[in-house]
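The values are calculated or read from the model by the stated rules, or taken from the named source; none is laboratory data. As the structure is a computational prediction, the values presented were derived from the model and not from experiment. Please note: Cβ atoms are built from the backbone with ideal geometry, for glycine as well, and neighbour counts cover all protein chains shown. Ligands, DNA and RNA are excluded from the accessible area calculation, which covers all protein heavy atoms including side chains. Shrake-Rupley method; radii C 1.70, N 1.55, O 1.52, S 1.80 Å.
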Amino acid sequence: MVARPGQSLRAFAQRRRRQAGLLLGLAVLCLSAPLWLPLVWDWLLGRSLTIAWWGWLICILPALVCGQQIRLWWRQASAAEQGAEQAESVADRLIPLQYLGWQANYGIREPYAGTTDILLTSPAGFAYAIDVKTHRGRVGSNGRQIYRVTSRGRSPFERDFVTLARRQATTLKKRRKLPTVTPIVTFTNSIVDVNPNPVAGVHIVAVDALYEYLQQLEAIALAANESDASNDTNQSVDP
């Protein structure tokens with residue numbers, strides 16, 4: 001089955017919501033235990049059962065723990081759905097490239113490398129691994145890493161996006177036997193103020209500039225390829 005844009009994220013969101021629903025049922029069961037447990041006790045043993053105050057506490061504490069986990073899973077599901085929407089939006093922006101013969105694959109998951117949101121392959125065979133990020137604000141760089149730029153100064157992202165993108169590109173190149181894979185991190189809701197670019201071999205691009213940026217990278221790759229071919233030809237005819 002061919003993956004669609006954001007498919008893996010939506011599947012993750014659905015899984016988290018199902019898990020949250022099951023945990024909610026368990027929490028309700030724990031909270032209501034002091035009410036239904038005496039009835040079950042009387043029905044099975046024919047004796048009355050009185051729940052002490054500490055019994056109510058024992059039932060409430062697991063429900064509170066479940067509630068914390070439910071909130072966490074619900075937030076993760078909401079974030080995944082937002083990420084899926086952004087991945088779909090980015091894919092829509094790249095449709096004109098597909099009319100020009102480019103091929104797109106989505107949600108490619110590799111062990112130890114995570115999920116590559118979009119893998120684009122040009123008609124010339126050059127590949128681009130695109131990781132979509134939905135963070136807001138401004139993105140800056142020190143030449144080795146990227147970070148958030150806020151009114152309070154610089155703050156790191158929760159993960160090393162540059163290293164992760166480079167690892168994804170390397171893994172895809174090896175496992176899919178591609179000649180080149182260029183790693184790109186695109187931000188859908190951020191102002192990208194990165195200079196020089198790329199950062200440690202990873203191109204950092206705002207989504208509004210992604211289409212043109214890809215065309216520029218392709219032109220550079222084609223020119224370099226033609227130059228290498230010309231040099232090889234010159235060397236082969238030298239006496």
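Across the chain, the relative contact order, built from alpha-carbon pairs under 8 Å that are at least six residues apart, equals 17 percent.
Computed extension length for ASN142-LYS174: 8.6 nm, one decimal, from 0.36 nm per residue of separation with the Cα-Cα distance subtracted.
Structure remark: mean-square fluctuation, Gaussian network model of the chain, C-alpha springs under 10 Å; the largest value among GLU85, GLU158, GLU212 belongs to GLU158. Here is the size of region 151-227 from its Cα atoms: Rg then Dmax, 14.2, 47 Å. The length gained on full extension between ILE220 and ARG75, counted as 0.36 nm times the residue separation minus their Cα-Cα distance, comes to 48.0 nm.
The amide H of VAL199, built 1.01 Å from its N in the peptide plane, has ILE204 as neighbours under 5 Å, considering only residues 5 or more places off or on other chains.
Out of all DSSP beta bridges in the chain, what portion is antiparallel? Express it as a percent rounded to 5.
55 percent
3J(HN,Hα) along region 87-93, derived from phi through the Karplus expression 6.51 cos²θ - 1.76 cosθ + 1.60 where θ = phi - 60°, amounts to 4, 5, 5, 5, 4, 4, 5 Hz, with x in place of Gly and Pro. Summary: within the chain, the longest segment free of trypsin sites (Lys or Arg not before Pro) located in DSSP loops with at most 16 other C-beta atoms within 10 Å is 48-143. With a Förster radius of 30 Å applied to the C-beta separation of VAL65 and THR115, the computed FRET efficiency comes to 0.50. Close amide H pairs (under 5 Å, H built 1.01 Å from N) link ASP131 with ILE184, VAL185, THR186, residues at least 5 positions away or on another chain. One way to sum up the overall shape of the chain is the equivalent ellipsoid from its Cα gyration tensor, whose semi-axes run 53, 20, 15 Å, largest first.
Computed FRET efficiency, Cβ-Cβ of LEU44 and ARG18, R0 45 Å: what is it to the nearest 0.05?
Numbers: r = 32 Å, r/R0 = 0.71.
Result of the calculation: an efficiency of 0.90.
Computed from backbone phi with θ = phi - 60° and the Karplus coefficients 6.51, -1.76 and 1.60, the 3J(HN,Hα) list for region 190-198 is 10, 8, 9, 10, 10, 8, x, 10, x Hz; x is used for glycine and proline. The string of couplings for region 56-65 from the Karplus curve (6.51, -1.76, 1.60, θ = phi - 60°) is 4, 5, 4, 6, 6, 4, x, 5, 5, 4 Hz, one whole number per residue in order, with x for Gly and Pro.
Once the 1.4 Å probe is applied to the protein heavy atoms, the chain comes out at 61 Å² accessible per residue.
The long axis of helix 33-45 is offset from the longest Cα principal axis of the chain by roughly 50 degrees. The angle between the Cα long axis of helix 7-31 and the main principal axis of the chain comes to about 10°, on a 0 to 90 degree scale.
Got a number for carbon plus sulfur as a percent of the chain's accessible area, 1.4 Å probe?
Working: 8390 of 14650 Å².
Answer for the chain: carbon and sulfur cover 57 percent of the accessible area.
Taking the longest Cα principal axis of the chain as reference, the axis of helix 161-175 is set at about 70 degrees. Could you work out how far apart the two model spin labels at GLU85 and ASP193 are, taking each label as a point 7 Å from the Cα in the direction of the beta carbon, and quote it in nm? Simple spin-label model gives 2.7 nm for this pair.
For region 17-142, the alpha-carbon coordinates run over 81, 36, 26 Å along the three principal axes, in decreasing order.
On the basis of the beta-carbon distance and an R0 of 45 Å, ILE95 and VAL28 show a calculated FRET efficiency of 0.45.
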